[in-house]
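What follows is calculated from the coordinates using simple rules that are stated; it is not laboratory data. Being a predicted model, the structure only gives us computed values, none of them experimental. Positions of Cβ are backbone-derived with ideal geometry, glycine not excepted, and every protein chain shown enters the neighbour counts.
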Ligand SMILES: *Cc1c(COP(=O)(O)O)cnc(C)c1O
């Protein structure tokens, strides 16, 4: 960091958000050691100025390389396209390798993360009349996996700083029909599993970890997905390990994992008997091939994302306008599927989030909100309330209470205030790329008095 790069304008900007006393001392700069590679005092690009980043090419996502192409040709030529055709095919091999990577005894591949979650719900015997507590701040796949089995997804509000399910809210919502908790490691960062597991143990509940965004993250020395009874992953194209559409379940309980296999195989067990309810959720050999070919190098990409995310966070350390997602004690790493921050408009001249995002995009850095509405506000709620099976399996009083307790004001606030960088690709960039992100943010901040002209 070179102090000489501080412009007068920048100094004034600093004074307005830092303490004057701090500025008078030698504790510059107020935002941490930001490298000033651009002229932050320049006119906003959206108002006709030069953008910070002219034609940024981010690392491509989904990750792909020649190894995958070769492996795929081999699978095509082999004629083994379905997992049940060979015990040595790419899906059975992927299951062995993925379990190794995660440090569990078993893994079962599925066609998606939603399918993996629903397989667990079915395998645990959860169905009509049962309740599963989860968060409204998630992908619809989480909720879908519960209502597909006609169980009741009970919404626990989130911690507005970490965006994660709030264990206190979970505990409040336990009833005699609660069978499981489905916590989500949102953005790929660990939720408060210590509290979740303590609550589950106290009330004798199962825990299905929705690890769909959180491949390879570590919490208190444990890989995410290995802490609860079962862990579920998504390999949908945007996720940090991806094959277009795909999923997996991991676990250490042989009997339960065997049940998961049976459920995802339309109820047909490894013995060939048709034993239970189950949709056909099998992963195919092409998906297995693409996944297998990237497992070796997935850890490198994971490490790079963590390094770049730590760099961004260090740059934002003393900047109150954007506050990175709070990580819980015990967080050793996360997948950084998304790099997320709370937007504090009071530090941007009260400009609404949209104006900030527009100005930032014009500077060449695209960020966005994440989920527009918490899932407690989506029409599936009315849909299930209108279904006979819900009216029969839950008392009128329970359904009324359910609707009365559906509000999740903290989730609503996060939906309105959060900004994110979709991180799977961009966080595989260089430190100079990270500086571009920070410089664009700081330029918009320096020009915050102009944001209301947009
Ligand atoms: C992506 C995702 C899912 C669903 O996974 P699919 O593979 O898209 O079915 C579930 N939960 C979370 C948190 C997700 O991000």
Query raised in the report: Mind checking the log10 I(q)/I(0) for the stretch 136-201 at q = 0.13, 0.26, 0.29 Å⁻¹? Debye, one equal scatterer per Cα, no solvent, two decimals.
Result: -0.34, -1.32, -1.49
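Could you rank the peptides 306-313, 215-222, 247-254 by their average count of other C-beta atoms within 10 Å per residue, with the highest value first?
Numbers: 306-313: 18.0, 215-222: 19.6, 247-254: 22.8.
Ranking the peptides 306-313, 215-222, 247-254 by packing returns 247-254, 215-222, 306-313.
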Report summary line: Only helices counted: for the chain, with every DSSP H run of 4 or more residues adding -39500 (n - 2.57) and the sum spread over all residues, [θ] at 222 nm is -11500 deg cm²/dmol
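What translational diffusion coefficient, in µm²/s and rounded to a whole number, does the Stokes-Einstein relation yield for the stretch 296-374 at 20 °C and a viscosity of 1.002 mPa s, taking the hydrodynamic radius as the Kirkwood radius over Cα pairs? Mind dumping the intermediate values first?
Details: Rh = 14.4 Å.
My calculation gives 149 µm²/s for D.
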Query raised in the report: Over the Cα atoms of the chain, what is the Rg over Rh ratio if Rh follows Kirkwood?
Result: 1.01
**Report entry** Using a Förster distance of 41 Å, the FRET efficiency for residue 453-residue 70 (Cβ separation, nearest 0.05)
**Finding:** 0.15
Report task. Find the relative contact order for the stretch 266-355 and round it to a whole percent, using C-alpha pairs within less than 8 Å whose residues are 6+ positions apart. Result -> 19
Requested in this report: Quick one: pull the percentage of alpha-carbon pairs in the stretch 216-313 with a separation above 15 Å.
Outcome: 71
Requested in this report: List 410, 317 from most exposed to least, where exposure is judged by having the fewest other Cβ atoms within 10 Å.
Outcome: 317, 410
Report summary line: Here the relative contact order (percent) of the stretch 192-345, from C-alpha pairs under 8 Å and at least 6 apart, is 21
Requested in this report: Summarise the long-distance tail of P(r) for the stretch 166-218 by giving the % of C-alpha pairs beyond 14 Å.
Outcome: 49
Report summary line: Quick shape summary for the stretch 66-293, equivalent ellipsoid via Cα gyration tensor, semi-axes whole Å in descending order, reads 30, 19, 14
Report task. Rounded to the nearest 0.05, what FRET efficiency do residue 405 and residue 326 give with R0 = 30 Å and r taken as the Cβ-Cβ distance? Could you check? Result -> 0.75
Query raised in the report: the stretch 151-229 to the stretch 307-378: how many Å between their Cα centroids?
Result: 23
Query raised in the report: Against the longest principal axis of the chain, how steep is helix 66-78, in degrees 0 to 90 to the nearest 10, with axes from Cα atoms?
Result: 20
Query raised in the report: So how long is each side of the stretch 99-218 along the principal axes, counting just the alpha-carbon atoms, biggest first, in Å?
Result: 36, 33, 26
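When only Cα pairs under 8 Å and 6 or more residues apart are kept, what is the percent relative contact order across the chain? The partial results should precede the final answer.
Details: 895 pairs, mean separation 102.2, N = 454.
Relative contact order of the chain: 23 percent.
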Report task. Mind putting together the pair-distance distribution for the stretch 352-454? All Cα pairs, 5 Å bins, whole percent per bin, short to long. Result -> 2, 10, 15, 14, 12, 10, 9, 7, 7, 6, 5, 2
